[in-house]
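Nothing in this text is a laboratory measurement; each read-out follows from the coordinates by a stated rule. Bear in mind that the values here come from a model prediction, so they are computed numbers and not experimental data. Because the Cβ atoms are built from the backbone with ideal geometry, glycine has one as well, and the counts that use them run over all protein chains shown.
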Amino acid sequence: MRYLASLLAAQHSQIAWSILQNHKDSLYHLIQPAQIPDDSILAWAKFWLNTACDRKVRARLQDEEIPIKIYEFIKETKPMEAGRVIKNMSEECLVLLVELILRISAGNTVMESKLAKSVILDMKLLSTQRDMFFVNKVLLPLIKNEDCLPVCLLD
């Protein structure tokens, strides 16, 4: 049911705004430091990916700095001790959360700048410990972030 509602939100702005008002707590629950099962992360990430297609919802999420909060959520709290920059989570969860970060922050220069500063700090860790999983699954997608608008040309 949740997935269907998010698909409808991607199609109609008023539905997306209503979902934001009624389900915003689920987004904050998603980025809390407590352990959340991967299947729950996957479900909520898919839900918010669809809902964030709406411009107004995306702007509200940008105002609340949700991309920064999601990025902080996926990072390991003590990377030197853990031997990695990001938490140990399934690749699918990580990919969806990075995609959510990109969807919300793309095109907003302030948000992209704040996110870049956080990423640069983590890149300094790469000089002391090698974490290719972080490089391939987080760093490269964030660097390739572009705000795209699909266009269809008919003759």
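Computed FRET efficiency, Cβ-Cβ of Arg55 and Ile120, R0 30 Å: what is it to the nearest 0.05?
0.60
Which entries in Lys56/Lys124; Lys56/Lys87; Lys46/Lys124; Lys87/Lys117 show an alpha-carbon gap greater than 28 Å?
Lys56/Lys124; Lys56/Lys87; Lys46/Lys124
Can you tell me which of 97-104, 37-44 comes out highest on packing, and rank the rest after it, using the mean Cβ neighbours within 10 Å?
Answer by packing, highest mean first, reads 97-104, 37-44.
Using 0.36 nm per residue, how much length does the chain from Asp63 to Val110 gain when fully extended, once their Cα-Cα distance is taken away?
Computed gain between Asp63 and Val110 is 15.9 nm.
Using a 7 Å offset from the Cα along the Cα-to-Cβ direction at both Glu99 and Asp38, what is the distance between the two label points in nm, to one decimal?
Here the answer is 1.6 nm between the modelled labels.
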